[in-house]
Amino acid sequence: MTIQAIAWSPSGAVRIIDQRALPEAQIERDLESADAVADAIRTLQVRGAPLIGITAAMGLVAGTRELRAAPRETFLACLPQLVRLLAAARPTAVNLRWALDRMTRVAAATPGDGAAIWERLHAEATAIWEEDRAMCRKIGEAGLPLVPDGASLLTHCNAGALATGGIGTALAPVYLAHEAGRRVHVFVDETRPVLQGARLTAWELTHAGISCTLIADAAAGALLRQAKIDLVIVGADRIAANGDFANKIGTYPLAVLALHHGVPFYCAAPSSTIDPSLEDGERIPIEHRPPEEVKALAGRPVAPAQVAALNPAFDVTPARYVTAYLTDRGVMQPPFGGEADP
Ligand code: MRU
């Protein structure tokens, strides 16, 4: 059983697993307002490109519950402010803006009063979630032939069930290989500074009974050189038209090392992660997070308080390092066009 990262609560709030508390505790939180959802995205209670898109769409619904009795004009007039609040929560994952643009278009095109528009938005947010679940499975099917019995792969950050509405992107082929009875082993980069690999990927793979070994990020190069890795699969936060893509900081050096050692390097992502409006990766906005995340580990200082620290949350991997893209449309090569259109 894979973990389900998001749900509607019975009262219509957005129910999340607070990922900051993993792996020590599995805490569910009900987010009642767009403010609470924006805060949860900003503070990494929910994270992972597809999941933050889904969460924002659901947050827009939770945040407009009070407007159900409002006339159409009032409902539509209140929407842009909430959309801006949610869209500003994190800049790099295009899924966030993609989901909110889709919700905005649907609201404008729905006839009727506040109640009718709200019902339609609720259905659309649920559809975004369900489509993501289906896209994850298709990514898994595209990647399954690459994960034969006995395969060892390396992944970075968390691009699994905790980052999506389904079985993940980079981990989807792993889940399907495991489901098919193949023996598969995953080396998991711990993923400093906030340890999504150690805290989340290692946790969800263990939870699913999939064999994995946690490594310090710095160990990946040695494993690749020793031919212990058959393939690398990572997720993406935004893929430009030419195939350059942003993903968790530390992805780019892995791609360079993989090419150097002749190990195939795959980027797995749904169509909603493709941003055809960007020609290449140079213009992908890179989030810079607080330096404290680098200067501390699990809340404890690991550096002098006064030292400067730089904390870019993502890097850009040029397309030339990518063997292929595993998407819901199959195994693809750039250039990418309007794949994200619903
Ligand atoms: O900062 P995070 O934890 O949101 O970063 C997540 C990643 O970089 C993932 O690899 C990416 O979003 C793909 S998730 C399917």
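The values are calculated or read from the model by the stated rules, or taken from the named source; none is laboratory data. This is a predicted model, so every value here is computed, not measured. Reconstructed Cβ throughout: ideal geometry from the backbone, glycine too, with neighbour counts over all protein chains shown. Note: areas computed on protein heavy atoms with side chains; ligands, DNA, RNA excluded. Shrake-Rupley method; radii C 1.70, N 1.55, O 1.52, S 1.80 Å.
At a glance:
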{"read-out": "Global geometry of segment 30-131, whether rounded, prolate or oblate, following the gyration tensor of its Cα atoms and the 1.5 cut on a/c", "value": "prolate"}
{"read-out": "Heavy-atom SASA rank of TYR266, TYR252, TYR325 (probe 1.4 Å, accessible area, largest first)", "value": "TYR252, TYR266, TYR325"}
{"read-out": "Separation in nanometres of the label points that stand 7 Å from Cα toward Cβ, at ALA180 and ARG320", "value": "3.3"}
{"read-out": "Rounded tilt (10° steps) of 114-143 against the dominant C-alpha axis of the chain", "value": "10"}
{"read-out": "Centre separation in Å (Cα based) which lies between segment 38-109 and segment 313-336", "value": "27"}
{"read-out": "Computed lengthening from ALA296 to ASP39, 0.36 nm per intervening residue step minus Cα-Cα distance", "value": "90.4 nm"}
{"read-out": "Assigned charges on the beta-carbon of Lys, Arg, Asp, Glu; segment 6-137 dipole about Cα centre (debye)", "value": "340"}
{"read-out": "Accessible surface of the chain, 1.4 Å probe, proportion on carbon and sulfur as whole %", "value": "56"}
{"read-out": "Relative contact order (%) - criterion: Cα under 8 Å, at least six apart; region: the chain", "value": "16"}
{"read-out": "Folded to 0 to 90 degrees: helix 72-87 orientation relative to the chain principal axis, Cα", "value": "20"}
{"read-out": "Euclidean distance of C-alpha centroids, segment 228-262 and segment 172-219, integer Å", "value": "16"}
{"read-out": "Percent of C-alpha pairs per 5 Å bin, segment 240-302, short to long", "value": "3, 13, 18, 19, 16, 14, 11, 5, 1"}
{"read-out": "Cα-only radius of gyration and Dmax that characterise the chain, units Å", "value": "19.6, 66"}
{"read-out": "Anisotropy class of segment 133-183 from Cα gyration tensor, a/c 1.5 cut", "value": "oblate"}
{"read-out": "The chain, dipole about Cα centre (Lys/Arg Cβ +1, Asp/Glu Cβ -1), debye to the nearest 20", "value": "380"}
{"read-out": "Lys/Arg +1, Asp/Glu -1 at C-beta; the chain dipole; positive extreme among ALA269, ALA34, PRO290", "value": "PRO290"}
{"read-out": "Probe 1.4 Å, protein heavy atoms only - accessible area per residue of the chain in square angstrom", "value": "40"}
{"read-out": "Square roots of five times the Cα gyration tensor eigenvalues for segment 146-332, Å", "value": "25, 21, 16"}
{"read-out": "The chain - share of DSSP beta bridges that are antiparallel (%, nearest 5)", "value": "50"}
{"read-out": "Degrees separating the helix 49-62 axis from the principal Cα axis of the chain, which is the longest one", "value": "20"}
{"read-out": "For segment 146-332, share of DSSP beta bridges that run antiparallel, in % to the nearest 5", "value": "40"}
